[in-house]
Each structure stands twice: as structure tokens, then as C-alpha cells.
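This report concerns only the one structure given below.
None of the figures in this text is laboratory data; all of them are computed from the coordinates on show. Nothing here was measured: the structure is a model prediction, and the numbers come from that model. Note that each Cβ is placed from the backbone with ideal geometry, even for glycine, and that neighbours are counted across all protein chains shown.
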Amino acid sequence: MYTELCQVINSHKNFVVISHFRPDGDAIGSTLALGLTLRALGKQVQLWNEDPCPARYTFLQGSELLQAIPPALPQEVDCFICVDTGDLKRIGDAAMARFKEAPYTVNIDHHHTNTNYADLNVVKGGEAACGCMIAELITALGAPLTRPVAEALYAAISTDTGSFQYGSTTPQVMRTTASLIEAGVDVGDINRRIWQESPMSVYTMQKEVLNHMVIEENGALTHYSMPAGKKAELGVGMEDCKDLVDYIRIWEGVKAAVIFEDMENGMIRVSLRSKDPRIDVSSIAGEHGGGGHAMASGIRMRGTLEDCREKVLNSFRRELRKLS
Ligand SMILES: [Mn+2]
């Protein structure tokens with residue numbers, strides 16, 4: 001699976017590595033691990049993202065190398081690699097324009113819904129994290145698994161498996177993770193940094209979500225809608241609103257949870273989660289122009305909060321009623 005990718009890496013000199021905007025741990029960890037590895041192989045590398053590195057990942061070595069999207073593709077760049085990105089739109093308009101100027105492009109990803117947008121597409125739908133693929137690539141390249149690379153990969157895999165709680169946590173995921181611990185990851189320390197240091201603004205947001213969560217379908221469906229202006233009113237930032245869906249799905253009997261967020265630009269962001277394998281949220285997301293994984297998906301919809309909410313909730317109601 002990685003033979004052609006290894007050849008591409010060996011035959012190019014000057015790389016851009018990028019992932020999706022609003023990067024999560026897998027996006028950041030995969031970008032840094034690949035970037036640091038390419039550097040160790042003597043390559044020139046630039047690491048880009050439309051958004052800054054979230055504070056909880058700035059302890060990772062290499063995060064200081066992340067830069068905003070430049071106005072033009074530097075002439076010397078000969079290979080542009082996108083990681084953890086199922087759809088090129090998710091890197092943002094500016095980066096997409098740079099991508100299209102690149103002489104050679106690569107797509108390394110684990111989303112089933114990946115659109116194969118690059119010259120070389122290495123896609124493993126269903127893999128737990130893009131970080132698992134980067135770990136395999138590092139082995140295939142014969143590159144060293146240094147402690148900073150291992151920490152970035154641990155952050156990637158830990159994030160996308162919900163700290164090893166999701167069903168995607170296969171024996172192979174655990175073997176890969178074991179190799180990261182062998183490479184020097186301090187499990188207690190890294191988990192404290194990633195999971196136990198939420199800013200108090202997250203607490204403010206959590207209270208709001210729990211107070212206004214709506215429960216329907218006899219407790220099988222929970223949802224929360226964040227109207228325009230709410231973030232400003234509460235004094236919370238975009239980063240504080242990342243994992244809201246986690247707070248509403250943990251309750252007994254809940255099979256699916258949805259967050260609707262007015263992006264204040266005419267778009268509504270929808271986060272969909274399933275706790276029941278019979279509810280495939282990637283197909284529900286697909287009905288409304290989104291995509292993702294069976295248990296976790298997203299949509300960006302144009303319209304009012306109320307309209308988008310009714311459309312998506314109706315799909316959930318239909319699927320949940322099929323079960324009873
Ligand atoms: Mn991912």
C-alpha cells in the first residue's frame with residue numbers, strides 16, 4: 001500500500017504538508033509526524049494550516065513550525081501532501097488554490113468518503129486514525145520513530161479513537177500504539193496534557209450545552225443548537241466548541257447525538273454522532289451534503305438554524321423509528 005508513496009517521497013525534495021482547517025489531534029499529529037520524518041530524511045518541509053495549532057497540542061515538538069497559508073506556492077515546492085482530509089474543500093480556499101498549483105499532489109487519509117482528489121491517493125477507509133497510516137508509512141520508509149514523532153502519532157491516534165474507547169481500536173491500533181510507547185511516549189503525561197487540561201471557557205460552554213440539550217425519541221436522540229451570537233455572549237472561542245457533541249451523547253439510552261452551530265456566515269455546522277452501529281451517521285450526513293465516518297460525521301449546510309435542524313433531525317427520526 002505504501003510502496004508507491006515511498007517512491008514519491010524518495011524522489012521529491014521540497015514538501016508542503018497540510019491538513020484540514022479547525023485541526024483536531026489527528027490532523028495536527030499526522031501533519032507533525034510526517035513533517036518531522038521528512039526533515040529527518042533530509043527533505044525541505046513546510047507545515048501549513050488555515051487555523052493555528054489548538055493550545056492543547058502546542059506541547060508537541062514541531063507545532064512551532066506550523067504556518068498560515070502563504071499567498072502563493074513557493075517555487076521550490078515539488079510535492080504537496082494532504083493528510084487526514086477526506087475532501088479538499090476542508091483545507092480552505094487559499095490552500096486549495098496552492099494545492100492546484102503544485103507539480104505533484106498526495107492524499108493520505110482514512111475517511112470512507114474520501115474523494116481521491118490528488119495525483120496519488122493513499123486512502124484506507126475505516127482505519128482508526130490517519131496517524132496509524134503515518135506510523136505504517138514511517139516503517140515502510142525505514143525512517144526512525146523518534147520520541148517527538150511518536151508523541152505526535154500518539155496524540156493523533158488517542159484523539160481519533162476517543163482515547164481508545166471507539167470500536168475502531170483494533171489489535172493493530174494497540175500494536176502501533178505500543179510501538180509509540182516503546183519509542184518513549186510517557187502515557188500518563190501525554191494524556192494529562194491532551195485530556196485533563198481543558199480551559200475554564202470549556203466549562204462555561206459545557207454548562208450551556210447541558211442546560212439546553214434537547215432529548216427526543218424517548219431518550220434515543222439528543223441535540224443542541226448554538227444560535228448566532230452565543231459564543232460572543234458567553235465569551236468562548238471556536239476551540240471551546242470543538243467536542244460539544246461529547247457532552248450530550250454519554251447518557252444512558254442515547255443512540256445518536258447532534259450539534260447544530262450557526263457559523264454566522266450563512267452556514268450551519270452539524271456534528272453527528274452515533275452510539276448504535278445500526279445508525280450510520282455518514283449516510284445521514286451524505287443526504288445533506290456532508291460526510292465522515294459511520295459513527296462520527298459532519299455537515300456544513302446553507303440555511304437557517306431552524307431549517308437545517310429540522311431537515312437533519314427528520315433523517316435521524318426516520319432511522320431511529322426503523323429500529324423500534
Ligand atoms: Mn482523522
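Taking 7 Å steps out from each Cα toward its Cβ at Glu216 and Gln172 produces label points 4.0 nm apart. Computed from the Cα positions only, the extents of the stretch 200-323 along the three principal axes stand at 41, 31, 22 Å, in decreasing order. Available extension along the chain between Glu264 and Glu306 is 13.7 nm, counting 0.36 nm per residue and deducting the alpha carbon span. Across the cross-link table entries Lys207/Lys230; Lys124/Lys242; Lys13/Lys89; Lys231/Lys275; Lys89/Lys311; Lys230/Lys255, which are compared at the Cα atoms, the separations over 20 Å belong to Lys124/Lys242; Lys13/Lys89; Lys231/Lys275; Lys89/Lys311; Lys230/Lys255. If R0 is 35 Å, the Cβ-Cβ spacing of Ala232 and Asn10 corresponds to a FRET efficiency of close to 0.10. Here the spin labels are modelled as points 7 Å beyond Cα on the Cα-Cβ line, and at Thr3 and Leu323 they lie 4.4 nm apart. Once the Cα atoms are used to define both axes, helix 147-160 deviates from the longest principal axis of the chain by about 20 degrees. Each of Leu41 and Gln75 was given a label point 7 Å from its Cα along the Cα-to-Cβ line. The distance between the two points is 2.6 nm.
Within the shell defined by Cβ-Cβ distances under 14 Å, the residues around Leu137 carry a net charge of -3, with Lys and Arg each +1 and Asp and Glu each -1. Relative to the Cα centre, the charge distribution of the chain, modelled as +1 at Lys and Arg Cβ and -1 at Asp and Glu Cβ, gives a dipole magnitude of about 360 debye. What does the net charge come to around Leu36 if you take all other residues with beta carbon closer than 14 Å to its beta carbon, with K and R at +1 and D and E at -1? Counting the neighbours of Leu36, the net charge comes to +1. Please give the Cα centre distance for the stretch 38-65 versus the stretch 155-184, rounded to the nearest Å. So the separation of the two Cα centres works out to 21 Å. Taking only the Cα atoms of the chain, the ratio Rg/Rh comes out at 0.96, with Rh defined as the Kirkwood radius.
On full extension, the segment bounded by Thr58 and Asp93 gains 10.1 nm, given 0.36 nm per residue less the C-alpha separation.
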